[in-house]
Amino acid sequence: MRNCLNDLKNNFDFFLRNHITLSRKNYTEKAEDIGDIVIEDDNKNFLEKLKKSYDLELLKPSTKRNFLENLYFLNLFNKHFSKNNRQNNFILDIGSKNWSYVKSEYVFSKSVSQSFVLNGIEIDPYRLCSNLYNRLEIAKYYTKGLENTNYIIGDLMTHNQKYNYIIWILPFITEYPLLRWGLPLKYFKPKEMLEHAYNLLNKNGEMLIINQGEHEYDIQKNLNRTLKLNAEYFGETEDIFGLFKNKRYCCKITKS
Ligand SMILES: C[S@@+](CC[C@H](N)C(=O)[O-])C[C@H]1O[C@@H](n2cnc3c(N)ncnc32)[C@H](O)[C@@H]1O
């Protein structure tokens, strides 16, 4: 009953925000002096390794929090994605929200390919964030100046380009978070979405999925098994900077 009411409300709000346009000043953030990141001795190697392979200057200008968030993701891509040595790569981020972490994907894309297209797809771009800007407005700020990087407004299920790398951070694989994030229940299709995302991969393409909490990770494993996907499990991710309230878990699906 409660889910039904939430679903009704989400349908109504979702419709409204997709049909009302607000006009105001562009979103910006005040860049902070990143300086040398204070990092525990145990983790120094991690930063040195990233500095050797990637141009971390591309993550700036930035706030400290956003810089660390991007380092967290870049570290994951570096550890778990294969460098495929292709000249051209197509990279997709699924459910990009405000795409605050786009620079990690951009820096990774740039380092693995001479030319690339980086797309982020989001079905609910007009949802307001706590600062009262919507996701699209904020994403425009984070993607400013990044070449070949596109924030696509749309449903993954109707998107049909092919990709070499797919990144899927916190897919909705239980109903409750989807309802809390304001989406109508008709968009709750974890199995169909995973299957569709898998079909978007080129041969030897790789998809990294990050889940929140062990319960969602277990459901993810079951979905992967049901669809007979070739998956590797990396367990809990390293949250060196203590950025996230909940533990995150990671797996990679490869298309043979
Ligand atoms: C839990 S949020 C994760 C957001 C972001 N990846 C992050 O880690 O901050 C899931 C996102 O997926 C989006 N989403 C859900 N279903 C989608 C679909 N069918 N197509 C595109 N985006 C979708 C939601 O609107 C939401 O922004």
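Only helices (runs of 4 or more DSSP H) wholly contained in region 149-256 count here; list those with 2 or more residues that are within 29 Å of LEU16 (Cα to Cα), out of contact with any Cys (no Cβ under 6 Å at 6 or more places or on another chain) and at pLDDT 95 or above. Outline the logic, then answer.
On the way: elements: 175-180, 190-199, 213-226.
Correct list: 175-180, 190-199.
Let me spell it out: the conditions are (1) surrounded by fewer than 16 Cβ atoms within 10 Å (Cβ to Cβ); (2) within 16 Å of the ligand (Cβ to nearest atom), and LEU179 meets all of them except one. Which number is the exception?
Of everything listed in (1) surrounded by fewer than 16 Cβ atoms within 10 Å (Cβ to Cβ); (2) within 16 Å of the ligand (Cβ to nearest atom), LEU179 misses just condition (1).
Would you mention how many residues in region 78-98 are within 14 Å of the ligand (Cβ to nearest atom) and surrounded by fewer than 22 Cβ atoms within 10 Å (Cβ to Cβ)?
2
Would you mind telling me which numbered condition in (1) within 23 Å of ASP239 (Cβ to Cβ); (2) in contact with a strand residue (DSSP E or B) (Cβ under 7 Å, 6 or more places away or on another chain); (3) within 16 Å of the ligand (Cβ to nearest atom) LYS103 fails?
(2)
What pairs can you find where one residue is in region 120-135 and in contact (Cβ under 8 Å) with a residue 60 or more places away in the chain, the other is part of a loop (DSSP other than H, G, I, E, B) and near the ligand (Cβ under 10 Å from one of its atoms), and their Cβ atoms are less than 6 Å apart, with a gap of 6+ or different chains?
Close Cβ pairs satisfying both conditions: ILE123/ASP155; ARG127/GLY182.
Being without any contact (Cβ under 8 Å) to a residue 40 or more places away in the chain and aliphatic (A, V, I, L, M) is the requirement here; does LEU5 meet it? It would help to see each step written out before you state the result.
On the way: without any contact (Cβ under 8 Å) to a residue 40 or more places away in the chain: yes; aliphatic (A, V, I, L, M): yes.
Taking the combined requirement at face value, the residue satisfies it.
Any idea which of TYR165, TYR187 is in contact with an Asp or Glu (Cβ under 9 Å, 6 or more places away or on another chain), hydroxyl-bearing (Ser, Thr, Tyr) and within 11 Å of the ligand (Cβ to nearest atom)?
Working: TYR165 fails: within 11 Å of the ligand (Cβ to nearest atom).
Within the list TYR165, TYR187, the selection yields TYR187.
Do you know which of the residues in region 139-157 that are touching a helix residue (DSSP H, G or I) at 6+ places or on another chain (Cβ under 6 Å) and closer than 30 Å to GLU57 by Cα is farthest from the ligand (Cβ to nearest atom)?
Looking at the filtered set, the residue picked out is LEU146.
I'm trying to understand the selection: among the residues of region 111-129, which are touching a helix residue (DSSP H, G or I) at 6+ places or on another chain (Cβ under 7 Å) and more than 13 Å from the ligand (Cβ to nearest atom)?
Of everything in region 111-129, those that are touching a helix residue (DSSP H, G or I) at 6+ places or on another chain (Cβ under 7 Å) and more than 13 Å from the ligand (Cβ to nearest atom) turn out to be SER111, PHE116, LEU118.
Do we find that TYR176 is among the aromatic types (Phe, Trp, Tyr) and under 30 Å from LYS64 (Cα atoms) in this structure?
On the way: among the aromatic types (Phe, Trp, Tyr): yes; under 30 Å from LYS64 (Cα atoms): no.
When the stated conditions are applied, TYR176 does not pass them.
Here are ASN202, ASN230, ASN160: which of them is more than 15 Å from the ligand (Cβ to nearest atom) and either small (Gly, Ala, Ser) or loosely packed, with under 15 Cβ neighbours inside 10 Å (or both)?
Values: ASN202 fails: either small (Gly, Ala, Ser) or loosely packed, with under 15 Cβ neighbours inside 10 Å (or both); ASN160 fails: more than 15 Å from the ligand (Cβ to nearest atom).
When all the criteria are applied, what remains is ASN230.
Keeping to region 63-81, report how many residues are more than 18 Å from the chain's Cα centre (by Cα) and hydroxyl-bearing (Ser, Thr, Tyr).
Of region 63-81, the ones more than 18 Å from the chain's Cα centre (by Cα) are 63-64.
Subsequent filtering for residues that are hydroxyl-bearing (Ser, Thr, Tyr) retains 63.
Number of matching residues: 1.
The values are calculated or read from the model by the stated rules, or taken from the named source; none is laboratory data. Since the model is a prediction, treat every value here as computed from it, not as a measurement. Glycine gets a Cβ as well: all are built from the backbone with ideal geometry, and neighbour counts include every protein chain shown.
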